[in-house]
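What follows is calculated from the coordinates using simple rules that are stated; it is not laboratory data. What you are looking at is a predicted structure, and each value in this text was computed from that prediction instead of being measured. So basically every Cβ, Gly included, is an ideal-geometry build from the backbone, and we count neighbours across all protein chains shown.
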Amino acid sequence: MASTDPFLIFLQENASIVFPLLVALGLGLSSFAVGRRSARTLRVMPAWRALPRMLEQAAAQGQPVHLSSGGAGLQGSDSLLALASAEALYQAARLAQGPVILTTSDSTMIPLGYEVLRRAQRARGFAGSMQAGTLRWFPDGPRSLAWAGAASALMSSEYVGANLLVGGFGPELALVSHAAARRGQPLLAASDQLDGQAVAWASADEPLIGEELYFAGAWLHPTPANQAAVVMQDTLRWLLIAALLILAFLAYNSGGAAPA
Amino acid sequence: MASVEQIGLWTSFLLTLMVFSYLLGDNLLYRLAVFVFAGVAAGYSAIVIWDGILIPWLHDTLLVPNATLDQLTLGAAPLLIGLLLLARSWSTRGDGLSRLALALLIGVGTAVALDGAINGTLIPLLFDTGEGVVAGNLDSILLPAGVICTLVYFQYQARRVPEGAGRRRRHVQLLAVLGQGVIVITLGAIYGAAILTSLTIFSERLGFVVQQAQVLLPTPTPTPAPGA
Amino acid sequence: MSDVYGQGAGDDPWPPGGGPPPAWAGDPAATSPLLALLGQLRDRPLNRLSRRLRRLRARSDQLARRDPTAVPNVFVPVPGAEASSAPRRRRRRRLRVGGDRFFLSLVLVSGMLLPFSSVQTRFGESAPTTFNADSPQETLYETLDALSSGDLVLVGMEYGATAAGELDTVATVLLRHILLRRAVPVVVSRYPVTLLRTEQLLTNLGQAGSALATRLERDNALAANADWFVTRFLAGDLAGLRSLSMNLQKQLATDLRGAATGLNIRQPGDFAQILVIAERPEDLRQWAEQIAPLAGSEMLGATGQAAAPLARPWLRVALSGTISGFRDALTYDSLLLQELEVTVGPPSAPRNLRALSLDASIELNWDRPLSNGGSPITAYTIRHLSTPYLDWVEVPLAGSDTNHVLTGLDNGTAYDIQLRARNAEGDGPWSEQITDVPRSVPSQAQALSLTAGDASVEASWSAPDDDGGSALTGYRLRWRRGTDDWRTADTADDVTSFTATGLTNDDVWEFQVRAVNRAGAGDWSAAETATPTAGSQALANAAANSQQAPAVATATPAIFLGTVVTGASELSLHDRADTAGAVLGIVNPGDNVLVLLRNVASTWLFVQTNDGLRGWLPAASLDLGPVDIEDVPQQAAPQPTATPQATPASVAVESPGGTAAQAPADAAPASRPGTILQAAERESSIHIGVALSIVIIALGALGNMGSAALRRGRRD
Amino acid sequence: MMRSFFTMLAVLLALTTALVTLAGLLLERQPVLLAGALATWEPLIREWSATLLQVFSISVAVSIIIGILNLLLVHLRRSGRRETGCGYSFVLFLSAATVIGLTYLERENLLTTGAEWRVLLLEQVQVTVESSLAGLLLFGLVYGAWRVMALRVNGWGSLFVLTVLLVLGAALPLPELAPLVPLRDWLLAVPVNAGARGILLGIALATIVVGARVLIGQDRSLRSGRDE
């Protein structure tokens, strides 16, 4: 990055603190704005549209729903993925009519997972205590094969009716999706890792790609805050595209300055 | 009495076969192997973390002779946070305090993740993609074009059309379709590469099974191609 | 407990066989009627649930109405993709699975097994022996090659057992390269198991006597916390990496087992290079982001093939060189071997110098040095020293033959002999010293005198003047009538008389004797004749003689030299006198072997090779020189399978992994990281796997496209 | 009342920890950020940030131990109650207990066999099963690709399969397939590179948005359950 422009340098160096604060400000404003206007129209997301039906079907057959966040957890780089995936899983747990099995391969997800289950339970209108068996943790590694192996075994031994896997997955997802295909269980999956995402795209009943998993709330539970996040994301995206175009234009005109 | 190594070889040989029995269908042997594995992995994680992290930490803080109050507080904080999170798993009592513990974790995690997303991904990729453009080099122009199409594909907001459906503007849609093509090609290539890797790994396992079978099973020594 | 949620999955809250679906289960139009029938729900708080359910359904319907496909499908519209038909479609798919899956697995497994079976299957070209110019692979190689002695290299081993099948090979070649440059790898990892395995890998790589140790001219093993470091593991994912960058000194102060490493590294810049071997591209990125900028340098990366396309976005950003996958590792390995040959210097000492005494000469054989020092061996020098002389006599030899006959020596004198190799870089060290005594065959036995008896003749003689420098091992006497075939008898070295019996009286019998020592038999003495007659007095002597000297003396095991003569191809050494016997090793035309035994039919010879291997060779393939095959001692009983002194595995010269395959065949290969085992078989197996995958995936796509077209046709 | 107080406190805590950590990370990278009176805060912020990160990573370690406890207890309870699959639960519990038990015995020198049981278990059980499972992925992946067109009978499915086939074909070292190699290389250099960058940039943006939600207390995990 051989940029010499002082503004760009400033932006680069302080972006990690300035940028989120600006976004936070924007987000606050836009959720206020969205709240005052009527709901936003969003493009169709087949996966989020299929989810309620999938859950319903599982419930109708008396089968539990398998939810998983994979390797996402509060371990630093994955923290925000873990929060986003907790949100998506919460939406699913809330809509599910039957029992839910939540699996994870990151232990920091356990408290979040219980929070998700408890909250969903409240939202579904049942108070009372939770049993520990609905949340299962399996040890992790760079690829969580303990999770994948155990989940694939569990999916058949517990007669799972539907699977929603959103979070951090690598190619180990293939083991789980294979098990789902084998037992004819519907599956929705998305991952922030590209190799896991490739497997998810190929094997999920409806495609769900990358960032789409961060915004489940906007489709499944369109509160002003959830919608504002989507608006913010779109805005940022266009800003990014503009920045990219400007940089490309400058580079093109400067005769193609060699990158650093 | 077989030696320990012998038992080990047999164990790994049989476990490999048990896992591969999955190819015949989900079965007891496969599940057994997987659950043994999950248990062993959990045991090792516990030992390694205990030995490698917790014990040194305690020695540096709580167990220091004549520890200061600062050291004691610092040493106890993670344990307290851990306990509060643990409490959260079992009951809703003390919800507020455990929420604070979670907040601390989320706070630090958010910072690290934001730093990573911005300094690790956003800025390097943005500048590298944008500044990589060289006049006259088609590929260097196609690259940012592809990135832009991909980004546009995700565009969420749409216009409401009379039937009530969300529909994106026509030019956005055109870019989005191109972007979808780029994404599908990307995922396909990654998928193909993943197959290649798993082929490599599987070939290693096959070689292992064959070699072990030759060593462990009482078959005559295979004859290498005779010379002359 | 009416709390559905709290029951946990294992409690099976809705046992099959429950009552009919309650009225609130939803109107049949919204869900499939089949599903409604299948719905088996047990009692629960009806009022609350039904309210929520209705609300939910209303919302999902609303969502469904609001948004039909917004991104138009530019290709074929999906028939039957409407939500209402989804369950039916799914059910049909479920039926179609099953058999095909098993069949696919079977095809794939059996195809990939082929190269490992006894059938030698080779498919596809093997990995190239060099990287493309200016490729990231070459950059990586060049960078590591530029390391100098004592440089520290921070190595991040960021992969688990999952990727071991692929990345162990990559790690092996990279670590070996670092160690070969006498640089010091400092290994860190965020995966504890990987640290344990890396420790094992490094231990195996640097064992005493391993190719690496030999090339580094080390007679001891490379040691932990001296030649390499495996430090304590980094906990906490990204935070762990960050704490490494912030706290390098402390983090690297203790090793995997908690012992002090003695490393004192204050900043990442103290490392000459940073190398990350990662399974996930994210790990590469995190290293590039957290460690590389602080080190002020670009880093090197290695990944599996799956991560290779994903490493690309970061390639220009932070990585200078990368390699990926098994094939790159093989190329790297062969490059490493080629490269090695032009750097080190003079060759190492020749090995296994062996001598065979001859008449006034000694035949020497030896093995090539382990290392030719990087350039071909051009010459050898032999030197020898015998007691009358005080100085070594050097005999320069041109060429790279590994045998020579020293001539002009004194029989019976002990010679100390050494040997060294020479290449363009100079002379290597002298080999181990051996001592041998040249000897010739004895001279003629003296004074053969005959005493005729009744149907017998007693022969006696005296020892030869000259024993040829080697103690006599015995005598051979032969006699015949006229031009009949010779009859023979051997006696021990101290028996100088023999009575031949069973002779016909009144015929003239011709007798000759010769002395034998380890170098062979001397010339026959001049012939003497005698005529036995009936009633002669020699009888008594004969009786006594027959007890003393065996008719066929085999007291001394004869050792003869044989030369392999068969054609141009190499010859297998078998474990029994039969071509079906297991092959113990290989001998080449021109090799000299020691002949120890023959089989009863005299068709096979039991020999010892220069490498110390013992086994059977067809007699016809050996030239025994002057020796008669019948002179070779006969195999007494069925010979127990000869135990070779070295296992066949250690005969194999260099595995493609570049290490002499030290592990005996019965070692567990997978648990011994450090060698690229079965490289050729695995390569072919992978290639077959790729080909089969292509076929399977293509067939799957075509089949599914076909059945979709059929469905559409039926609907139209 | 109490609950909303804790919620506010939690949000505030998350916000401050996030900002302090972020500032610390920033200072780490680039020493001079603050000028004038603010400069005195610099060492303090760096220290706080470092402490927070340290506490964070130890808390994560503690939480892994908790996770293992949770796992073992769940499975112990399941095997005690004889639920479906309780056998597997028992196996899991037993293998974890074995590893931990052996480690303890070895450490206390109560094992006299002389073999390193722990290392043996690691190599012959954990590594074996893990790499076998990784080998098994091959079948999941190939079968997944075989099935893609059953799920998506459209242009995108075909494009995906074609890309997979191209990547596989180019990896096959046969002279007949050599023309595929430059095509594959171009694909990886341009569209795949662009697609990967686009998806990663999108995820980075989404991460920032979620992070911003945490900062303004919109994230659900920190709030009590009232706000449904």
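The table that follows gives values for the structure above.
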quantity: Where labels lie 7 Å past Cα in the beta-carbon direction, separation of D:L174 and B:L28 in nm; calculated: 4.4 nm
quantity: Shielding score for A:65-73, defined as the mean number of other chain Cβ atoms within 10 Å; calculated: 1
quantity: Euclidean distance between Cα centres, segment D:140-212 to segment A:68-122, Å; calculated: 29 Å
quantity: Cα convex hull of chain A, projected area averaged across orientations, nm²; calculated: 16.2 nm²
quantity: Stokes-Einstein translational diffusion, segment B:20-154 - Kirkwood Rh over all Cα pairs, 1.567 mPa s, 4 °C, in µm²/s; calculated: 62 µm²/s
quantity: Shielding by partners, peptide A:25-32 (average Cβ within 10 angstrom, other chains); calculated: 3
quantity: Percent of Cα-Cα distances greater than 14 Å, calculated over segment C:453-523; calculated: 58 percent
quantity: Between 0 and 90°, nearest 10: helix A:145-157 axis offset from chain A longest Cα axis; calculated: 40 degrees
quantity: Cα-based equivalent ellipsoid of segment A:107-260: semi-axis lengths in Å, sorted from largest, via gyration tensor; calculated: 36, 22, 15
quantity: Three-way shape call for segment C:385-461 based on the alpha-carbon gyration tensor, with the a/c threshold at 1.5; calculated: prolate
quantity: Tensor-based shape of chain B (alpha-carbon gyration tensor, a/c under 1.5 rounded, otherwise prolate or oblate); calculated: oblate
quantity: Under-5 Å amide H pairs with C:T499, H placed in peptide plane, nonlocal only; calculated: C:A459
quantity: Order of B:R168, B:R159 under a 10 Å beta carbon neighbour criterion, fewest first; calculated: B:R159, B:R168
quantity: Using θ = phi - 60° and Karplus 6.51 cos²θ - 1.76 cosθ + 1.60, couplings along segment A:231-242 (whole Hz; Gly, Pro as x); calculated: 4, 4, 4, 4, 4, 4, 4, 5, 4, 4, 4, 4
quantity: Test item: A:220-227 mean partner chain Cβ contacts at 10 Å; calculated: 3
quantity: On Cα atoms only, tilt of A:194-203 relative to the major axis of chain A in degrees; calculated: 50 degrees
quantity: Mean Cα-pair separation over length for segment B:132-214, i.e. relative contact order, pairs under 8 Å, 6 or more apart, %; calculated: 24 percent
quantity: Pairwise centroid distance, computed over Cα atoms, of segment C:467-487 with segment D:59-111, Å; calculated: 84 Å
quantity: Mean Cβ count within 10 Å, highest first, over the residues of peptides C:168-178, C:412-422, B:60-70; calculated: C:168-178, C:412-422, B:60-70
quantity: For segment D:160-228: rounded, prolate or oblate by the Cα gyration tensor [a/c cutoff 1.5]; calculated: prolate
quantity: Contact order normalised by residue count of chain B, Cα under 8 Å, 6+ apart, percent; calculated: 13 percent
quantity: Structure-based [θ]222 nm, chain A - -39500 (n - 2.57) summed over DSSP H runs of at least 4, per residue, nearest 500; calculated: -18500 deg cm²/dmol
quantity: Packing-based ranking, highest mean first, of A:88-94, C:213-219 given that Cβ atoms within 10 Å are counted; calculated: A:88-94, C:213-219
quantity: Percentage relative contact order, chain D, counting C-alpha pairs under 8 Å, at least six apart; calculated: 27 percent
quantity: Ranked list, fewest to most other Cβ atoms within 10 Å of each Cβ, for C:W366, C:W430, C:W486, A:W48; calculated: C:W486, C:W430, C:W366, A:W48
quantity: Radius 10 Å from Cβ of C:S148, net charge of other residues (Lys, Arg +1; Asp, Glu -1); calculated: +1
quantity: Exposure proxy order (Cβ contacts within 10 Å, fewest to most) of C:V184, C:V516, C:V107; calculated: C:V107, C:V184, C:V516
quantity: Ordering of D:142-152, A:106-116, A:151-161 by packing [mean C-beta count within 10 Å, highest first]; calculated: A:106-116, D:142-152, A:151-161
